[in-house]
Amino acid sequence: MNDAAKNDVPMFDYRAQLQPLRAEVLAAIERVLDSGTLILGAEVEAFERAFAAAHGGGHAVGVNSGTDALVIAFLALGVQPGDEILTVANTAVPTVSAIRMVGAVPVFVDVDPRTALMDLGQVPAALTPRTKVVVPVHLYGNMVDVDQLRALVAGRGIAVVEDCAQAQGASLRGRPAGTFGDIAAFSFYPTKNLGAYGDGGACLTRDAQLAERLRSHRMYGFAGAYYAERDGVNSRLDPIQAAILGVKLPHLPRWVERRRQLAALYDRTLPARIQRVLPAADVAHGYHLYVIRVPERDRVREALRVQGILTGVHYPHAIHRMRAYAALPCAAQSLPHSEALAREVVSLPLWPELDDDAVRRVAAAVEATVDAVVRGPVS
Ligand SMILES: *Cc1c(COP(=O)(O)O)cnc(C)c1O
């Protein structure tokens, strides 16, 4: 994250965003230190209220990470070992780590190659009597049509947990990501659209009873003092991170708007022959990542790196191909679009403080580099 040379275009650098907020952030940290409360308390509650309000209401429950937000969502929904959870294989590993943490079995459907999102057409055939939850992953800030997904699983006792780790600020038909499922899981990992200065996450739900269960599961399963009503973990949003997030939250719409501007600039500047991963219909994309597909991906990235342009890959391995899951039935699945994406995707630098000139420079270098690599070495 900090090893870029002076003229490099890094994938991410939180320090440019900290600069104008520094005084407010430091004051928020001091307020927590002076408050006399270092676990949960008023700071966490205030952020939870603000975060829920930013999503039009409901209940937010602050936890220690996006992974934990998924784990705690599954616990609150009563997922049992051996239950199946349906999701996609081109996601961050933590989507699946969380499934395994509760002893559930991941089952994958392939993705639409245009959007890199769950192919809803494959969902009905993938449901079994053991399917307990479906997890649509709003990858890159793009959004699965969760209304359509809900209609596909209706009446079967299947819950929907939105993985919103990459989708803060995105919306579908005017409604924010995280307001469609039974529970939504958010990450405040520093690179995310709303990032903490350390780990953090939250669950969001409209259901007051589910919210109570989420609060209980994040704290040893407590119901009242020192009394466990159910199984639980220790996963609480830290009040220092909550106070920092409270400073940052009001800026999120502006930051997402800037991400959209930069994405539009990439769209205009990159030649049409460079293949983009496309926004889904009816979505106001949150542009956590701007992703293209290129042949000879690793050679293209290395050639860009030499020119000082640092790119990312989200993600280089489809989950069902990883050793951790080799003993599970998913290891035998064939998911050609997910596997092709894992070979070809490149994420270009995109963060709100990046300037237009940097994006133009990246786009020009990508064009020249892809052309050179596709032509092959000059003999
Ligand atoms: C970042 C991310 C997570 C996990 O969040 P952490 O806060 O790092 O635990 C889960 N799912 C997706 C899609 C992510 O991008």
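The values are calculated or read from the model by the stated rules, or taken from the named source; none is laboratory data. These figures come from a predicted structure and were not determined experimentally. We place every Cβ from the backbone using ideal geometry, glycine too, and count neighbours over all the protein chains shown. Side chains included, ligands, DNA and RNA excluded: accessible areas come from the protein's heavy atoms. Shrake-Rupley method; radii C 1.70, N 1.55, O 1.52, S 1.80 Å.
Some values worked out for this structure:
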{"quantity": "Residue match in segment 245-266 (condition: part of a strand (DSSP E or B), surrounded by 19 or more Cβ atoms within 10 Å (Cβ to Cβ), more than 16 Å from the ligand (Cβ to nearest atom) and hydroxyl-bearing (Ser, Thr, Tyr))", "calculated": "no"}
{"quantity": "Residue match in segment 41-63 (condition: over 26 Å from Leu214 (Cα atoms) and open to solvent by 40 Å² or more (accessible area, probe 1.4 Å))", "calculated": "no"}
{"quantity": "Leading residue by the ranking (farthest from the ligand (Cβ to nearest atom)) among those in segment 196-235 that are part of a loop (DSSP other than H, G, I, E, B) and open to solvent by less than 40 Å² (accessible area, probe 1.4 Å)", "calculated": "Gly221"}
{"quantity": "Lone unmet requirement of (1) within 22 Å of Thr205 (Cβ to Cβ); (2) surrounded by fewer than 19 Cβ atoms within 10 Å (Cβ to Cβ); (3) in contact with a Gly (Cβ under 7 Å, 6 or more places away or on another chain) for Gly66", "calculated": "(2)"}
{"quantity": "Test: residue in segment 278-288 that is closer than 17 Å to Thr91 by Cβ and without any contact (Cβ under 8 Å) to a residue 12 or more places away in the chain", "calculated": "no"}
{"quantity": "Scan of segment 105-117 for residues that are open to solvent by 10 Å² or more (accessible area, probe 1.4 Å) and either within 15 Å of the ligand (Cβ to nearest atom) or among the basic types (Lys, Arg) (or both), ordered by number", "calculated": "Arg114, Thr115"}
{"quantity": "Qualifying residue in segment 78-94 (condition: within 25 Å of Asp238 (Cβ to Cβ), assigned to a helix (DSSP H, G or I) and within 15 Å of the chain's Cα centre (by Cα))", "calculated": "yes"}
{"quantity": "Total residues in segment 60-77, condition within 9 Å of the ligand (Cβ to nearest atom), of a type outside the set (Gly, Ala, Ser) and assigned to a loop (DSSP other than H, G, I, E, B)", "calculated": "1"}
{"quantity": "Residue check, Val300 under 26 Å from the mean Cα position of the chain (by Cα) and part of a helix (DSSP H, G or I)", "calculated": "yes"}
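Let's see how each residue does on (1) within 22 Å of Thr115 (Cβ to Cβ); (2) out of contact with any Gly (no Cβ under 9 Å at 6 or more places or on another chain); (3) open to solvent by less than 60 Å² (accessible area, probe 1.4 Å); (4) charged (D, E, K, R):
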{"position": "Ala318", "(1), (2), (3), (4)": "yes, yes, yes, no"}
{"position": "Ala331", "(1), (2), (3), (4)": "no, yes, yes, no"}
{"position": "Glu339", "(1), (2), (3), (4)": "yes, yes, yes, yes"}
{"position": "Arg343", "(1), (2), (3), (4)": "yes, yes, no, yes"}
{"position": "Val346", "(1), (2), (3), (4)": "yes, no, yes, no"}
{"position": "Pro349", "(1), (2), (3), (4)": "yes, no, yes, no"}
{"position": "Ala358", "(1), (2), (3), (4)": "no, yes, yes, no"}
{"position": "Val362", "(1), (2), (3), (4)": "no, yes, yes, no"}
